[in-house]
Amino acid sequence: MSRVIAALQDGAVQRPAALALIDEQISLDYAAAAARSAELGRWLLAQGVERVALLADNSVAWALWDLAALQAGVTLVPLPGFFSDRQIRHVLADAGIELLISDDPQRTRHLPGAGHPTSGSREMVVAKRRFTLAGLLTQRQVTLPSDIAKVTYTSGTTGAPKGVLLKAQTMEQVAASLVVATQAGPEDRHLALLPLATLLENIGGLYAPLLAGGCAVLYSQAHVGVQGASGVDPQRILTCLQASAATTAITLPQLLQALVAARAAAGPTPERLCYLAVGGAPVSLRLLKSARNCGLPVYEGYGLSECGSVVALNRADAQRPGSVGQPLPHARVRIANDGEILVGGALFDGYLHDPQAPGDCWPTGDLGFLDEEGYLHLTGRKKHLFITAFGRNVAPEWVEAELTAQPAIAQAAVFGEARPFNVAVVVPRAGVSETLAAAVAAVNRRLPDYAQIRELVVADAPFTTANELATANGRLRRDGIAQVYGERVAALYDSARVAL
């Protein structure tokens, strides 16, 4: 049996009245959560489907559908709301989805080409949420390895997402390690700030709390103040952290930067919060220190979907700022001769339509090193490393993290391959008095000459999933940024040659 389901059922016996799942409309104790997820699991099993897609906002109902799929042995394919219609159509066809479950019927109706209804649409109310259930006639034969509980689609660095195959055992092994690392227990409450459709929040914000016997607070994204990359309300996030009595939460570097700014503007202090994990993209040491100084208990971690989400994490009793922490109990980490991080332990079962299994060790594509006490440090992406015209190696993530630690700069992408100097495409942060020139000058004073920024291009808009210039976890889509701003970057180099 699934370890998460076993923990839920055990809680229903040992602590039936303890709260397990909460959103803004309903609260379920362990007894109710176990009963309703089991009932929903039996319903899924009776439908005779193998692959189900879930397109829904965070809620208790989302959690019940997920738990029901675990119990029924049905493969669940979560669809992030930030995916474009084109990406969702791709996933539905690519995974051979037989049943689409959505709390957004208006968007579902605007997915032509997603599949042919087999029996029209039905509606079902689950935990006070109304869902549209659309049976789809699969357009391709899909064969999955045995025991695949979830296919999580990574937006990656290109437009077409690809499916990562995960067994329940893999995800639950990572969740159990998170419980150990964060010292979570029955008294803890986790507030989900990220979409549950992302693997990190799914495992860290639902499975881990249930394994710990705690409570998962699953407010809608609008309720917590996170509506896409351009709709973040940091004051609202801080208020929800305080009002929900959350002890743990997960955030991304961009959200953390906004929270630090909100705290500096006298935002509320989440009094019970004791563990705020941050990951998904590089985080500057200056930002981490600023967060700590304003009372946010932030701990940086590292992981990727192919490794079941989290690989390493700083902990209350074992932390080293500037590192991403020591590997979790389940993970085996070593460094290749070229500096690439190799991970063993809880690994995925390959990509959908790619029969090759990852084996015992997965090359992450990330560069880094382990220090003498086993803390993992990231230095950049193997494929992003560029060499300047003077033969110097530059990891752009390092420079970008320094730039975005400045209050005036929200996002930055650094370029300089085979060039005499580096150029940054930057997204300014609104409402900050510091000029971009002053911000870059402050960063350059801390960088060696070969890594310094000489010229800037001010971006027309933030890098988001909507314009396909960033992934959901905040990683930049460099090829897309280079395509959009390439002419302006090239003009700066041309001007420099004329000046010489």
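The values are calculated or read from the model by the stated rules, or taken from the named source; none is laboratory data. Everything numeric in this text was worked out from a predicted model, so none of it was measured. Positions of Cβ are backbone-derived with ideal geometry, glycine not excepted, and every protein chain shown enters the neighbour counts. Surface areas here come from the heavy atoms of the whole protein model, side chains and all, with no ligands, DNA or RNA. Shrake-Rupley method; radii C 1.70, N 1.55, O 1.52, S 1.80 Å.
Accessible surface for the chain, divided over its residues, is 41 Å² per residue with a 1.4 Å probe. Accessible area per residue was computed with a 1.4 Å probe on protein heavy atoms; His190 scores about 10 Å².
For the stretch 118-273, the equivalent ellipsoid built from the Cα gyration tensor has semi-axes of 31, 20, 17 Å, listed from largest to smallest.
Dipole orientation for the chain: of the candidates Val414, Leu191, Gly325, Val414 has the Cα lying most toward the positive pole (charges on Cβ; Lys, Arg +1; Asp, Glu -1).
Let me check something: with ligands and nucleic acids excluded, how do Met124, Met1, Met171 order by accessible area (1.4 Å probe), largest to smallest? Walk me through the numbers on the way to the answer.
On the way: Met124 40, Met1 165, Met171 0 Å².
So the residues, ranked largest to smallest area, are Met1, Met124, Met171.
Dipole of the stretch 284-340, Cα-centred, from +1 at each Lys and Arg C-beta and -1 at each Asp and Glu C-beta, to the nearest 20 debye? Approximately 280 debye in magnitude.
Its DSSP H runs of at least 4 residues, each contributing -39,500 (n - 2.57), put the calculated 222 nm mean residue ellipticity of the chain at -9500 deg cm²/dmol, to the nearest 500. The residue list Ser177, Ser146, Leu255 was ranked by how far each Cα lies along the charge dipole of the stretch 125-264 toward its positive end, using unit charges on Cβ atoms, and Ser146 comes out on top.
Grab the other residues whose beta carbon is less than 13 angstrom from that of Leu92, score K and R as +1, D and E as -1, and report the net. Could you put the intermediate results ahead of the total?
Numbers: positive: Arg51, Arg86, Arg89, Arg107, Arg140; negative: Asp85, Asp94, Glu98.
So the surrounding residues net to +2.
Using Cβ point charges alone (K and R +1, D and E -1), the dipole size of the chain about the Cα centre works out to roughly 480 debye. In this rough spin-label picture, where each label sits 7 Å from Cα along the Cβ direction, the Ala466-Arg109 distance is 2.2 nm. At each listed q (0.06, 0.08, 0.13 Å⁻¹), what is the log10 of I(q)/I(0) that the Debye formula gives for the chain modelled as equal alpha-carbon point scatterers? The calculated log intensity ratios at q = 0.06, 0.08, 0.13 Å⁻¹ are -0.27, -0.49, -1.29.
Can you send over the carbon and sulfur percentage of the accessible area for the chain, probe radius 1.4 Å, protein chains only?
Heavy-atom surface of the chain belonging to carbon and sulfur, 1.4 Å probe: 51 percent.
Segment Ala243..Gln183, full-extension length gain: 19.4 nm, with 0.36 nm per residue of separation and the alpha-carbon distance subtracted. For Lys167, the aspartates and glutamates whose Cα comes closer than 15 Å to its Cα, not counting residues fewer than 8 places off in the same chain, are Glu50, Asp66, Asp147, Glu306, Asp349.
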